[in-house]
Each structure stands twice: as structure tokens, then as C-alpha cells.
Amino acid sequence: MLRKRVRVVIFLLAGTLVTWALILGQESAPAASPGAAIQMTARRYRFDPAVVTVKQGDRVKLIITAADHDHGFKVAAYGIDQKLPKGVPTTVEFTADKAGTFPFECSNFCGLGHSKMKGKLMVEAASSAPPSNP
Ligand SMILES: [Cu+2]
């Protein structure tokens, strides 16, 4: 009897904690707007689209499918280096907190044109005053 009641209380407490965690999590990232997922393909020797434009502060979600071979997706400026196994839609998620134009490239050797397999990530500076984060 008592044990059952304790279990219910623990269950309710856990629920409250999860709710708070969700609320706090949302409040800690006010600048990130959800932003739709961007579908990309990678094939010898290009990315499509080769230019990805987002807004500063966006939560960016790229879903990249390597069509013909294992490739990789590397954005050095953002510390991203994701393997793209052939045929598997692979999600790359990050917050575009730095404005500017950043090159991305294939990071998995895929043939003679590998070193030409590049693109650009363009992060447009937030037009309004950015939130005052120290
Ligand atoms: Cu490649």
C-alpha cells in the first residue's frame, strides 16, 4: 500500500522535473528559431544545394543523403565533421551562431574529384540587435 503511494509520488516528481527541464531548456536558447530541415544530397563531386543560406541564430537541421558513395560533410568553422554513409539520410544539426560565409567540404575521400567537392554555408547576420548574451 505505502510502497504504491511512494511510487506515485516519485512518478509525479519525475514528471515535474521533466517539465521544468523542458521549460528551462527552451528559455536558455531564445535566439534559436526552429527553422525547417534542409534536404541535401552529396554525390561525386558536389553537394546539392552547394550554397546553404541560413540566418544567424537559426537552429539549422541539414538532412544529407550520400547518393553514390560514402561522403563526409565538414564545416571547419563550426567544428562539424559528419560521415555520410551511402544511402542513409544523415542529420547534421547546429546553431548558426557565427555570421559570415564558411566553406564546407567532403571529408571522406571519394575519388579523383574529392578535393573539389565543396560548398558554402552563408549565415546572414541577424538584422535586429542580437540578444545581450555576455
Ligand atoms: Cu565526397
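The values are calculated or read from the model by the stated rules, or taken from the named source; none is laboratory data. All values derive from a computational prediction rather than experimental measurement. Because the Cβ atoms are built from the backbone with ideal geometry, glycine has one as well, and the counts that use them run over all protein chains shown.
From the list K83, K98, K74, which residue is touching a helix residue (DSSP H, G or I) at 6+ places or on another chain (Cβ under 8 Å) and basic (K, R)?
Result: K98 is the single residue among K83, K98, K74 that is touching a helix residue (DSSP H, G or I) at 6+ places or on another chain (Cβ under 8 Å) and basic (K, R).
Kindly check whether there is at least one residue in region 29-40 that is at pLDDT 95 or above and crowded, with 17+ Cβ neighbours inside 10 Å.
Checked region 29-40: at least one residue is at pLDDT 95 or above and crowded, with 17+ Cβ neighbours inside 10 Å.
Report, by residue number, each residue of region 94-112 that is within 16 Å of the ligand (Cβ to nearest atom) and among the hydroxyl-bearing types (S, T, Y).
S107
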